[in-house]
Each structure stands twice: as structure tokens, then as C-alpha cells.
Amino acid sequence: MQLDNVIQASNGPGQTDARTQITDVPGNATALPGAPADGAPPLDPRLTANLKYDIPAGVVVFLVALPLCLGIALASGAPLLSGIVAGIVGGLVIPLVSRAPLSVSGPAAGLAAIVLAGITSLQSFQAFAMAVVIGGVLQLALGLLKAGAISHFFPSSVIKGMLAAIGVLLILKQLPHAIGYDKDNFASESFQAEGGNTFTMLAQAPQALEWGAFLLSAICLVILVGWEKSRLAKISWLPAPLAAVLVATLGNELFKAAIPSLALEQKHLVTLPTGDLLSAFQLPDWSAIMRPEVWVLGVTLAIVASLETLLNLEAVDRIDPWQRKSPPNRELVAQGLANMVSGFAGGLPVTSVIVRSSANTNAGARTRVSALTHGALLLLAVVFAGAMLSRIPLACLATILLVTGYKLAKPKIFAEMHKLGWNHFIPFVVTIVAIVLTDLLKGIAIGLAVGVLFVLRTQMSRVFDVVHEGARVTIRFNKAAYFFTQGKLVSLFEGLPSDTHVVVDAQGVSYVDHDVAELIRRFQQSAPRRNIRVEVLGL
């Protein structure tokens, strides 16, 4: 499993820290020397040697990204074409600048709520596009200022929780689609006004079961699960997800010819914008650059998109079979340029997306060529192949995402985190629950807050030892003493008996907070009233 190969700082001895001992591999991100993780084959640095892996993977990511681009645009209250534009830009612009080998970028579901609120408040998508351009400029500046290191301040339990939560959300959100309940407008205002959410979708789905979709999903699931265990896995140019798409599409065509009652209607198939594409573009309103609220939204998009990208980049590096390290500052520059282009072209904001990146990794991608392939296919699909793609069942794509979700959140990961102890397991679980019940960024913030609380709890334990030797009491500090240790010290000082010789020994620690030192001095001054003699060492 991908998460078995995280950095040594997370999983203990015997593994290499992915942040050190790196060498350069031409055409890719920096990579660790030695054998790749999970018994993966050696990575050939030649571009042409990886095409047989990257192009099929790019096709798979394209098939996964296409409905997601449309769905996110719909959920954001934006023109459908804006989602496709963002997907094309994320695929064609970012890989040319970025050095992240497996990350795939495009419109992100985590930003849908911000986008919807922004378009509503500005009352104009063109003004919103101007905010996207501003956000891109700010992201570019963050990259040039080398602000990418912020991702290193997030504990591994939160990052793993984010990955697992994405897996859980994929399963919850795609189960209805897998059985033919394609109510794609569940994020619309009318649906929300009715109390609609992911869980109501799950409750309503069995009542709208489409047997054709169910059968196609079952067939796809068998292909996806059994592919690697069969001889077919040796066909490197035909990954299991692509085979599942082909079989499902042909299967639905067979239903149409032989069993019409099982054939899926167009609403259960991929749908692309039709008509004059040029007239569908909504370019930015340059006069909106003078509006303060546009700048506020641009700053918000820059911060949120940058944070989401950096966390996703860290997560994708963890599931990279070759354990390569992607340069975060370079990624921010690439994302900034892409958002500027997307805004100019009337597209949604772009971030690194864990769903597409996970699908990319699972499909066998090796370099950035797969992301380029997916972007080129999105462009060609909109221009030339709308009719052909409109035959692909959404149920098949949902099944691909279900399997991807399971790999991100399978029980083995929970067991591994539990073995690490409660300090890791509880922030991990809290992050998952918070993301599922709120959204990606709020969930990460909650998980990080819980993680910090456990760090404080650990830091507060055994800060000092107390040794009683008759009338002599020694308080020996074991580690750095911060302000939050004052409560225990106050209780200790108040409980000391009269006629005592107290030795406060801080000689072995590197740091004692000013508030703690001041507390000790005040105790030293007041102690003679209780006939207590205080000796302080090391302060």
C-alpha cells in the first residue's frame, strides 16, 4: 500500500527520510538513491522509456478528470466550460513548470464553496475571473518568496488523515453514481435548501437504482480488483481503469442493442458542453480590478489554493512508489502561472488535486507526461470528441474512484496508525471525521489543532521530577519548560510542607520560559514565610 512507505520521521527506523539524501533525476523531481519502494521497478530517466506507462495513465486521469471538471463547475455555480478550461490549463501549463512527477492539477472540489460564495457576492463570473488572475499573481509571488516550506509544519497524522478522508469521501460520494443515481446538482442551492447533502444522496440512491448501471459497476469492479492478479496485468499499455472504461462503454452499447431496459440514458453518461465554444467563454472583467472585494477574494483564493496544493503535494509524494520529493516553491510558481492563465481564459481556480493524482499513481504513471497527456486530451475532447465521450457511463468512472478511495482509506492504514499510539491515532481520526463533516481545509485545521494539543500534552508530561529525601525536596527539570507548566509548579509549591529545603535544579535543560523562571523567583521570595529554604540551580 502506498502509505506503507512514508518518511522515517513518521514510521520509525528502517526507512529513509524523504527530505534528505536526494539526487537529481533528469526530467523528474528529486528522487532518493537506491531501490524504489514497494518493489517498484527502477525508474528509467529517459523520457521515451516511460511513455508506455505515462500515456495510458494520462488517458485514465483524463477519463476521471472530465466529469469532475464539469461537476465541480456545477457545484461552484460557474459555467460548465470554466471547469474544463481549468482542467486543460492544469494539465498543459503546470507540468511544463512544475517538477512534481505525479501530481495532477485542475479545479478542486475543496474550493467549490469559496467559488460559489465569491461568484454570488460579486454577482458576476467575469469579476470572479479577475479575482482568479489576482490570486495567481499572489501565488507566483509566494513561490518566488520561497513560502512552500509551510507544508512541513503539518504532522504526518494530519496528512495521512487527509488522504484517508479523501478516500472516505470518494466512497460516500461515488456510491450513488455507481448504481445510477446521478443527481449531479446535489450541491446546488435548491438541493441544499431541501436539506440535501452526501448522506441524503446515499439514503435516496437505492430508490433510484438503475440495474444497468449496477451491472456495469459490478463488472468494472471485478476488472479493477482482479486485473493485477491475472496475466492481463502484464499489458503495460492497458491499465485496469482504462480497460474498465472500454468494457463498460461497450457493455452499455450492447444493452442498447440487445436489452434496452438495461441501457443507460444520456443523463447517466458523460455530458460535454455543446454548441459554439468560443461564445461560451466568459473572460475576466478588467474594470473589476478596482473593486476591494475582488482583491479580498483574490487573496483568499491565493492562500487557500496554495495551502491545499502544498498539502496535496506532500500527500502525493508519500504515495509515489519511487519516493521522490517535489520542490514546493517551484510548484507554487507553476500554480500561480496556471491560475493567471485560467483566470484570463475564464476558468476556475486550479490546485493540485489528490483524487486525480491518486488515480494517476494507481494507473502506473511515472513522469509529468501523464498530466500533459490528460490536459491535451481534455482539450481535444472538447473540440473534437464530444459525441464519442458522451457514451461513457458515469457508473464506470464512479467505480474507478471507489477503488481509488478504498486504497486511500483501507483498514490497514487505520491499524498502522493505531499502532503508533493515541498521540497519532486521535488526530488522524479527528482529521478524517472533520473533513467528512465539513470540508477539506476546515477539517485539516481541526486536525492540526488536535495534533497541537497532543504535542502540548506530551510536552507537559514529566517536565520535572520530584525527589523527597527527608526534609530535602529536589525538583529536577528534565526538558525545556514552557509557560504551560506553570499550573503543575504552582500546585507543587503550594503543597510543600514547612521547614523544608527545596532544590530547584534546571541545570540540565536548554530552555526555561521567562514566566516559569519568574514563578520560581516569586516562590523563592515568599518561601521564608513558611520556613522553606529554596536553592535554585541553573537559572
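Quick one: which of Asn478, Asn531 is in contact with a Lys or Arg (Cβ under 8 Å, 6 or more places away or on another chain) and either closer than 30 Å to Ile159 by Cβ or at pLDDT 85 or above (or both)?
Working: Asn531 fails: in contact with a Lys or Arg (Cβ under 8 Å, 6 or more places away or on another chain).
Only one candidate qualifies: Asn478.
Residue-wise test of (1) assigned to a helix (DSSP H, G or I); (2) touching a Pro at 6+ places or on another chain (Cβ under 6 Å).
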| site | (1), (2) |
| --- | --- |
| Ala213 | yes, no |
| Ala218 | yes, no |
| Leu221 | yes, no |
| Lys229 | no, no |
| Leu238 | no, no |
| Val245 | yes, no |
| Ala248 | yes, yes |
| Leu254 | yes, no |
| Leu264 | no, yes |
Just a yes or no: is a residue in region 24-42 in contact with a Lys or Arg (Cβ under 8 Å, 6 or more places away or on another chain), modelled with pLDDT of 75 or more and either more than 30 Å from Gly451 (Cα to Cα) or buried (at least 24 other Cβ atoms within 10 Å of the Cβ) (or both)?
no
Give region 520-539 a look and list any residue that's closer than 24 Å to Gln459 by Cα and open to solvent by less than 20 Å² (accessible area, probe 1.4 Å), or say none.
Ile520, Phe523
Would you mind finding the one in Leu80, Leu96, Leu102 that is open to solvent by less than 10 Å² (accessible area, probe 1.4 Å) and within 30 Å of Ile55 (Cβ to Cβ)?
Leu102
Among (1) of a type in the set (S, T, N, Q); (2) surrounded by 12 or more Cβ atoms within 10 Å (Cβ to Cβ); (3) closer than 30 Å to Asn312 by Cα, Asn478 falls short only on (3)
Here are Phe414, Phe428: which of them is more than 26 Å from Ala218 (Cα to Cα), in contact (Cβ under 8 Å) with a residue 24 or more places away in the chain, out of contact with any helix residue (DSSP H, G or I) (no Cβ under 7 Å at 6 or more places or on another chain) and in a helix (DSSP H, G or I)?
Phe414
Being free of Cβ contacts under 8 Å to residues at least 24 places away in the same chain and touching a helix residue (DSSP H, G or I) at 6+ places or on another chain (Cβ under 9 Å) narrows it down to one residue among Pro528, Pro497; which is it?
Pro497
In region 236-257, residue farthest from Val382 (Cα to Cα) [restricted to those that are at pLDDT 90 or above and either touching a helix residue (DSSP H, G or I) at 6+ places or on another chain (Cβ under 8 Å) or open to solvent by less than 70 Å² (accessible area, probe 1.4 Å) (or both)]:
Phe255
I'd like the residue in region 270-314 that is surrounded by fewer than 19 Cβ atoms within 10 Å (Cβ to Cβ) and under 21 Å from the mean Cα position of the chain (by Cα) and, out of all such residues, is modelled with the highest pLDDT.
Val299
Subset of region 105-147 that is under 22 Å from the mean Cα position of the chain (by Cα) and of a type in the set (S, T, N, Q) - its residue that is nearest to Asn360 (Cα to Cα)
Ser105
Run Leu111 past the list (1) open to solvent by less than 50 Å² (accessible area, probe 1.4 Å); (2) at pLDDT 85 or above; (3) closer than 29 Å to Pro155 by Cα and report the number of the one that doesn't hold.
(2)
Using the structure shown, decide if Ile150 is open to solvent by 40 Å² or more (accessible area, probe 1.4 Å), under 21 Å from the mean Cα position of the chain (by Cα) and aliphatic (A, V, I, L, M).
yes
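Looking at Ser190, is it hydroxyl-bearing (Ser, Thr, Tyr) and modelled with pLDDT of 80 or more? Working first, answer last.
Details: hydroxyl-bearing (Ser, Thr, Tyr): yes; modelled with pLDDT of 80 or more: no.
Taking the combined requirement at face value, the residue does not satisfy it.
Would a scan of region 450-464 turn up a residue that is at pLDDT 90 or above and open to solvent by 50 Å² or more (accessible area, probe 1.4 Å)? Give the derivation first.
So the first thing to find is which residues in region 450-464 are at pLDDT 90 or above, and the list is 450.
Among the residues that remain, those that are also open to solvent by 50 Å² or more (accessible area, probe 1.4 Å) are: none.
No; the residues of region 450-464 include none that is at pLDDT 90 or above and open to solvent by 50 Å² or more (accessible area, probe 1.4 Å).
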Output the qualifying pairs, or none if there are none: Cβ atoms under 6 angstrom, residues six or more apart or on different chains, first residue in region 349-374 and of a type in the set (A, V, I, L, M) and modelled with pLDDT of 90 or more, second residue part of a loop (DSSP other than H, G, I, E, B) and surrounded by fewer than 24 Cβ atoms within 10 Å (Cβ to Cβ).
none
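One line per residue, one yes/no per condition, for (1) free of Cβ contacts under 8 Å to residues at least 12 places away in the same chain; (2) under 28 Å from Asp317 (Cβ atoms); (3) open to solvent by 20 Å² or more (accessible area, probe 1.4 Å); (4) among the basic types (Lys, Arg):
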site	(1), (2), (3), (4)
Leu379	no, yes, yes, no
Gly386	no, no, yes, no
Ile392	no, no, no, no
Thr399	no, yes, no, no
Phe484	no, no, yes, no
Here is a check on your reading of the model: is Ala141 open to solvent by less than 20 Å² (accessible area, probe 1.4 Å) and either hydrophobic (A, V, I, L, M, F, W, C) or more than 30 Å from Leu51 (Cα to Cα) (or both)?
no
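The values are calculated or read from the model by the stated rules, or taken from the named source; none is laboratory data. Because the structure is a prediction, the values reported are computed rather than measured. Virtual Cβ from ideal backbone geometry, glycine too; neighbours counted across all protein chains shown. To get the accessible areas, we keep the full protein, side chains included, count just its heavy atoms, and leave off ligands, DNA and RNA. Shrake-Rupley method; radii C 1.70, N 1.55, O 1.52, S 1.80 Å.
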